[in-house]
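*Asks:* Please read through the structure below; I'll follow up with questions.
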Amino acid sequence: MDAKNVSSFQFDFTPDPRVLIALSHTSMLPMDALCELIDNAIDSFSVAIEQGIEIANPTVWIDLPKKSDLDKGLGMIRIRDNGPGMTPDQAEKAIKAGYSSNNSFDRLGLFGMGFNISTSKFGKITRFCTARLSDDFYTETVIDLEKINETKNYMLEARKIPKNENFVQGTIIEVSSWWPEGNANSGFVRKLIQYGKSKIMQELGRRYATILRKRKIIIVVGGEACEAFEHCVWGSNRYVERNGKQIPARFDIDELVGTKRRCSGCRAIIPDNLTECPLCHSTSIRSIEERITGWVGIQRFDDASKYGIDLIRNGRAIRLQEKSAFFEFVDDLKNVIKDYPIDGPYGRIVGEINLDFVPVDFLKQDFQRSSDEWAQAMKVLRGESSLQPKQPGAENNHSYIFKLYQGYRKVREPGKADMYMGFWDSVQGKAKRIDREKEHEYYEKFLKKLPGYYDDAEWWKLVEEASHPPVDPLVECPKCQTQNLKTADICVGCGCVLKGKQCINPDCAAMIPVTAVVCEICGASQIPEIETPWTCDVCGCSNSSDMMICSKCESPKGTPNPLSKEHLLSESNKYDDLSIDSLTIRLADGSDSLKIKLETYFTKSEIVSYGSRESIPLLTFKEPSVFCVFINPRHAFFSECRVQFEEVLANEIAAYIFDTNRHLVKYPKHTISSIAYSILDKYWLKNIGVGFSIMRERADNLLNHVKQLISVSLPSDDASQLYADMTNEMQKAFVAKLFECGIGLEKVGELKQSGEYLRYVPSEFLIKVYDYNPSAFFNKGVWNVDYEIENEDINAEILRETYEQTLLEYRNSLETLVLFSRFSSNEKLALRKVDAALRHLENKLEGYE
């Protein structure tokens, strides 16, 4: 090529102004856009610290337009701070799309692009003003997107304006001129305003909680300061015990996982022997500590959605209530294993983790989960295996979340064992959890920071109440110090009146026991004369005023009707799992039924009506749009007939919906049974019957217990001979179990001779053992059931048939559990069959609770 014939010229690489318009179409939520502008203000205070400038009471003021202003196309969003301000050169760079400061490690803004995107999402015109304390002017410029697009000119007019007393230092951003209908951002600012001031302040208090909590910066919305969000968690002094070890309810974290030399310009990792970045040639290099700080712990109440870990970078929460990163595990084959919650719909593991060294995406919607820093943080926080202890690799997982999971995975029972609030039900003789309404009441007091509720003292009292039956306190006699029952009105030691009243005879007025009906001193009756007749609440009979016992039902005066709603409420506990605030179903004509509030209570005693000796299973009180149902859970209808509470409730409500919509009888689907099924299908179908996971756990526990017992009761010669009957597949499972239990193959011979190998065989091998020597399973070998007993009073043939039938029944039940263990099914009929088999085999199983 002849260089003399080559000429050079330049291309204009200035982007088309429509690029700025395109930026406004970037996907972003209104609260995220507002936070972008707040981040820039907060960053200014970081700059002040770096420059040694002291700012008194660092504050960010936010003013938002009213809905009425938006309707008229008026108003503005104003973000103002009292930071150090900027020079004109700094201001020019700050508003430039794509500009990045030379410090992306300690600041929130990270990218200049965020300023352009967020302001352009809200409106067409942005006014930018900034002033430094040392200058006598402030710098102002206006970004008018439509004007720039029309003129194709990026040059903005900037002005230096003399300062006044209202603007001494800091930066002001004002966005106005809302986008019209038809534009992609039309209504964007309205979505923000529709949240309402209270919700916006609450959300900012959550996102910037760590900054606000330390009082480093104040954020003011419409003249009112935002309060930092507080997690309602148990104190680190609370703990549960698992396998003899204490697991605290909170772990505080401060771990240095590494230190790297990085370029301040492009964040590239710089080797120790270089002083210049090989990628961008910057000489600004910093040693960055990769430190994880914060805490993880247990919320005082569980919830279907309000749980998870807040992930924070430089003071701003990037992810709120993160669940998938901590409670799901993706194995090497990309299979997703859900770890938590799996025993119910509610979770309570929460936390705040600062990951300042982990990079985020340019809109700060999420951390870069493919980065090495993210992987390093997750290894420390949740480990490199599933949280479930029986999953591969779990034995090497010593992470914080793994430890919490082992202690607080589920709430089996209220009380100290699982650290949950409750009360002791003296009728059923066990602990019950408190209802959701009381939890909400306690949480409201926590938010008000009331003593005992803000800390966990009052909450812990409910944990202790559920841990053991209450003991009635004894009352000490003030005269002789004898201990008396709290119900006593006379001291058993000296006869002193403990609970007294004054004799109604004015001439006597002596202090007598409160239960006395006659004064022992003057003989006067203590029953006041009532001239008006009274009506018995039990049977409705009218009685004369001088009668203290009903003439019809013989109930003492004042006895409440046992079937009244008020009496039942005082003798019942609300059952949240069977209560629904707004129950509605799709009717046969396609419309929705009227909403019903269902309140379900379990009674502490039988429900018996006047004149009847038989109790009833439930009683329903129907009011407009409210169903109040009282269930006697001990009634034979449920315990013996195996009818489930959900089925009865569904039928009660279905009958009501059918009667109130009789105009739909022309539709074939408008029947009580169809309506009942719709209710069950929508709200309780998966709860009908015993849960699959519980059933599987029961079956596995029983089969393991049978293996332990038969390894002792089966003669060693029989056990040794049966060993050869194991198939190849059984032997593989047997060897795997030995390895799992840490037993070497050199022990197989010894286990075979003693019969101890039966503890580790697969469950299906039990059928072979049973068929070979069934007698070893009876006479307290496995089951406390007599076998081959001679009885001179019973025909030998009848006795033989009876024993054969017993053998067959136990074999069928055992085989049902073995098949379920191998080929688990969560079909309703299959689970009921397994439940029946479990109840049969558990009944007389030796040493099994």
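The values are calculated or read from the model by the stated rules, or taken from the named source; none is laboratory data. Note that the coordinates shown come from a computational prediction; the quantities given were computed from them, not determined experimentally. Don't worry about glycine lacking a Cβ; one is built from the backbone with ideal geometry, like all the others, and counts go over all protein chains shown. Protein only, heavy atoms only, side chains kept; ligands, DNA and RNA dropped before computing areas. Shrake-Rupley method; radii C 1.70, N 1.55, O 1.52, S 1.80 Å.
*Asks:* Does the stretch 315-351 hold any residues that are part of a strand (DSSP E or B), open to solvent by 10 Å² or more (accessible area, probe 1.4 Å) and touching a Gly at 6+ places or on another chain (Cβ under 7 Å), and which are they?
*Replies:* Residue satisfying the conditions is Gln321 alone.
*Asks:* With respect to Ile219, determine if the residue is touching a Leu at 6+ places or on another chain (Cβ under 9 Å), closer than 30 Å to Tyr138 by Cβ and modelled with pLDDT of 95 or more.
*Replies:* Yes.
*Asks:* When you scan the stretch 26-145 for helices (runs of 4 or more DSSP H) that lie fully inside it, which ones turn up with 1 or more residues that are surrounded by fewer than 17 Cβ atoms within 10 Å (Cβ to Cβ), among the hydrophobic types (A, V, I, L, M, F, W, C) and modelled with pLDDT under 90?
*Replies:* Result: 30-50.
*Asks:* May I ask you to say which residue of Phe630, Phe621, Phe637 is out of contact with any His (no Cβ under 8 Å at 6 or more places or on another chain), over 21 Å from Leu583 (Cβ atoms) and either hydrophobic (A, V, I, L, M, F, W, C) or not in a loop (DSSP other than H, G, I, E, B) (or both)?
*Replies:* Within the list Phe630, Phe621, Phe637, the selection yields Phe637.
*Asks:* Within the stretch 287-305, count every residue that is open to solvent by less than 10 Å² (accessible area, probe 1.4 Å) and over 16 Å from Gly347 (Cβ atoms).
*Replies:* Looking only at that region, the number is 2.
*Asks:* Could you list, in sequence order, all residues of the stretch 293-310 that are part of a strand (DSSP E or B), at pLDDT below 95 and among the hydrophobic types (A, V, I, L, M, F, W, C)?
*Replies:* Phe301
*Asks:* Something else now. Answer yes if at least one residue in the stretch 452-471 is part of a loop (DSSP other than H, G, I, E, B), open to solvent by less than 40 Å² (accessible area, probe 1.4 Å) and out of contact with any helix residue (DSSP H, G or I) (no Cβ under 8 Å at 6 or more places or on another chain), and no otherwise.
*Replies:* Yes: one or more hits.
*Asks:* Something else: Starting from residues that are in contact with a Pro (Cβ under 8 Å, 6 or more places away or on another chain) and over 16 Å from Asn57 (Cα atoms), keep the ones in the stretch 202-240 and report whichever is least open to solvent (accessible area, probe 1.4 Å).
*Replies:* In this case the residue turns out to be Arg238.
*Asks:* Among the residues of the stretch 432-442, which ones are in a helix (DSSP H, G or I) and either of a type in the set (D, E, K, R) or open to solvent by less than 50 Å² (accessible area, probe 1.4 Å) (or both)?
*Replies:* Arg436, Glu437, Lys438, Glu439, Glu441, Tyr442
*Asks:* Go through the residues of the stretch 497-509 one by one and say whether even a single one is open to solvent by 60 Å² or more (accessible area, probe 1.4 Å) and hydrophobic (A, V, I, L, M, F, W, C).
*Replies:* Yes, the stretch 497-509 contains a residue that is open to solvent by 60 Å² or more (accessible area, probe 1.4 Å) and hydrophobic (A, V, I, L, M, F, W, C).
*Asks:* Let me ask something additional. Consider Gly308 carefully, then state whether it is under 17 Å from Ser399 (Cα atoms), in contact with a strand residue (DSSP E or B) (Cβ under 7 Å, 6 or more places away or on another chain) and open to solvent by 10 Å² or more (accessible area, probe 1.4 Å).
*Replies:* Considered against the rule, which asks whether it is under 17 Å from Ser399 (Cα atoms), in contact with a strand residue (DSSP E or B) (Cβ under 7 Å, 6 or more places away or on another chain) and open to solvent by 10 Å² or more (accessible area, probe 1.4 Å), Gly308 comes out as no.
*Asks:* Next question, about the same structure. Show the residue pairs meeting these rules: Cβ distance below 6 Å; 6+ apart or different chains; first residue within the stretch 458-484 and at pLDDT 85 or above; second residue open to solvent by less than 90 Å² (accessible area, probe 1.4 Å) and among the charged types (D, E, K, R).
*Replies:* Close Cβ pairs (under 6 Å, with a partner that is open to solvent by less than 90 Å² (accessible area, probe 1.4 Å) and among the charged types (D, E, K, R)) amount to Trp459/Arg300.
*Asks:* Can you tell me which residue within the stretch 815-839, out of those that are open to solvent by 50 Å² or more (accessible area, probe 1.4 Å) and part of a helix (DSSP H, G or I), is modelled with the lowest pLDDT?
*Replies:* Lys828
Every residue, every condition in (1) open to solvent by less than 40 Å² (accessible area, probe 1.4 Å); (2) of a type in the set (Phe, Trp, Tyr); (3) under 33 Å from the mean Cα position of the chain (by Cα), yes or no:
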{"position": "Thr515", "(1), (2), (3)": "no, no, no"}
{"position": "Ile549", "(1), (2), (3)": "no, no, no"}
{"position": "Lys552", "(1), (2), (3)": "no, no, no"}
{"position": "Leu568", "(1), (2), (3)": "yes, no, yes"}
{"position": "Leu594", "(1), (2), (3)": "no, no, yes"}
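*Asks:* Out of Gly429, Gly523, I need the residue that is at pLDDT below 90, under 46 Å from the mean Cα position of the chain (by Cα), exposed (fewer than 13 other Cβ atoms within 10 Å of the Cβ) and small (Gly, Ala, Ser). Which one?
*Replies:* Gly429
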